[in-house]
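Read the structure below first, then the notes.
The values are calculated or read from the model by the stated rules, or taken from the named source; none is laboratory data. What you see is a predicted model; the values in this text were computed from it and never measured. Glycine also receives a Cβ, built like all others from the backbone with ideal geometry; neighbour counts cover every protein chain displayed. Side chains included, ligands, DNA and RNA excluded: accessible areas come from the protein's heavy atoms. Shrake-Rupley method; radii C 1.70, N 1.55, O 1.52, S 1.80 Å.
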Amino acid sequence: MHATLNAIADELRRLKASGVKDVVVSSETMVALRNAVETRAPKTQPEQPQVAPAPVVYSQLRQPAARHTAPKKTEPKLPPPPAVTLPEGDKKTRWDALLNMVTTNPVCLERVRPGKKVVLGVGNLDAKIFFCGEAPGAEEEIKGEPFVGPAGQLLTKMIQAMGVKREDVYIGNIMNWRPDLPTPPGREQIGNRPPTEEEMLYCMPYLRAQLEVVNPELIVALGATAAKALLGFDSFTTLGSIRGQWKEFEGKPLMVTYHPSFILRTPTNRTKRTVWEDFLKVMEKANMPITDKQRGYFLGK
Ligand code: URA
């Protein structure tokens, strides 16, 4: 049940970050959530009559609780972020050294389950465009390559729709490992969770180093996690409020758009068109040729 609760919480967090304000939660889910909480928490209140609650909306679930004590400072779980210094040499030499640094870093290695891999970005070291996602998922930590699962396959199609190949761009993530969820020993992790700020800060030097090696013309932040890590954790409230806008990361133009998994969850032409319009802006900025056909993608109902 714990993994399922985490998956639901993860999904709600993602939806919220994507700008979704309300989501209907069925009575059955509410009952299941309530039962799960009740079986874990000691009962201090007398039994309440069991009444199936009416469907509630997400915004109602997020009412801030009154605080009577000072907020607990969370203990750091990670050492300070690593100092990453690249050697002299050509791009390949520097990238290979970086790959070696991250895949032998004991802090990263400790955070992947047995048989799974630490993941660095992949692609053309001379790419004009650097796509940045959130973190490896189940497929990525097996293959040791970003964006190879369902969201990755969609991203690859979107890149191809731009008229280029996956191998022509660079694709990385904020995180180098898949954020863990409590999982019984010997079992596969179910679901994903967004990384904590501490985890993102720990991995950021590796992302900066990849940007230093590739030195792209522009960056595309895919989803709220990437946007927050690159623009600042408090730089926006909802992704919807900043997507489609040019921002900057260390002097480089940065386009913020939705994560491909958002399209997978909401595969309407409207969602696809929204993201595609952001991609068209990227193509324009990168001086890529754009056909009328490309301009018209996903305009239908
Ligand atoms: N989602 C991401 O953000 N990155 C991946 O590599 C895969 C899925």
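Residues checked against (1) over 23 Å from Asn100 (Cβ atoms); (2) surrounded by fewer than 23 Cβ atoms within 10 Å (Cβ to Cβ); (3) away from the ligand (no atom under 11 Å from the Cβ); (4) in the same structural domain as Met101 (by TED's automatic domain parsing):
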| residue | (1), (2), (3), (4) |
| --- | --- |
| Gly133 | no, no, no, yes |
| Ala138 | yes, yes, no, yes |
| Lys143 | no, yes, no, yes |
| Pro146 | no, no, no, yes |
| Met162 | yes, yes, yes, yes |
| Lys165 | yes, yes, yes, yes |
| Pro185 | yes, yes, yes, yes |
| Glu188 | yes, yes, yes, yes |
| Pro194 | yes, yes, no, yes |
Which one of the conditions (1) free of Cβ contacts under 8 Å to residues at least 60 places away in the same chain; (2) in a helix (DSSP H, G or I); (3) touching a Phe, Trp or Tyr at 6+ places or on another chain (Cβ under 7 Å) does Pro253 fail to meet, given that it meets all the rest? (2)
Check Ala227, Ala209, Ala221 and return the single one that is away from the ligand (no atom under 16 Å from the Cβ) and either part of a strand (DSSP E or B) or crowded, with 20+ Cβ neighbours inside 10 Å (or both). Ala209
Residue tally, condition closer than 17 Å to Gly152 by Cα, open to solvent by 10 Å² or more (accessible area, probe 1.4 Å) and either in contact with a Phe, Trp or Tyr (Cβ under 7 Å, 6 or more places away or on another chain) or among the hydroxyl-bearing types (Ser, Thr, Tyr) (or both), over segment 256-270: 3
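Got at least one residue in segment 110-127 being more than 8 Å from the ligand (Cβ to nearest atom), part of a helix (DSSP H, G or I) and among the hydrophobic types (A, V, I, L, M, F, W, C)?
Initial filter on segment 110-127 (more than 8 Å from the ligand (Cβ to nearest atom)): 110-118, 120-127.
Keeping just the survivors that are part of a helix (DSSP H, G or I) gives 110.
With among the hydrophobic types (A, V, I, L, M, F, W, C) added as a condition, the list becomes none.
No, that holds for no residue.
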